[in-house]
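Chemist: Before I ask anything, let me first share the structure, which is written out below as structure tokens.
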Amino acid sequence: MLTMITHSFCAKDCVDRDLVKGKIVLCDEFLANKEAYKAGAVGSIVLDTFTRDVSFVFPFPVSSLSLEDYNSVKSYVKSDE
């Protein structure tokens, strides 16, 4: 089972490779998952801050969630720390 971690906005040069390598990362910004990928994450769950009903291609698995669903996942992750 993969461990999920949170790293807020996944901003450039702020994602710790040692923490995210091989993990699924929660990113508060839709397009910031690129930094998680570059740091070695195996997937990303992002807050849908972009648009609906549009597809994007990413180099690794990404799930985009509504604010309500994203907050539920984030709450669950924090409760399991």
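Chemist: Between Ile24 and residues 5 or more places away or on another chain, which pairs have amide H atoms under 5 Å apart, with H built 1.01 Å from N, and which residues are they?
Modeler: Thr3, Ile5, Val42
Chemist: Okay, next question. Could you sort Cys27, Cys14 by accessible area so the largest value comes first, with the probe set to 1.4 Å?
Modeler: Result, largest first: Cys14, Cys27.
Chemist: Taking a probe of 1.4 angstrom, what is the accessible area of Leu19 in Å², to the nearest 10?
Modeler: 90
Chemist: On the principal axes of its Cα set, how long, how wide and how thick is region 20-81? Give whole Å, largest value first.
Modeler: 31, 27, 14
The values are calculated or read from the model by the stated rules, or taken from the named source; none is laboratory data. Not measured: the values here are computed from a predicted model. The accessibility values were calculated without ligands, DNA or RNA, using every heavy atom of the protein model including side chains. Shrake-Rupley method; radii C 1.70, N 1.55, O 1.52, S 1.80 Å.
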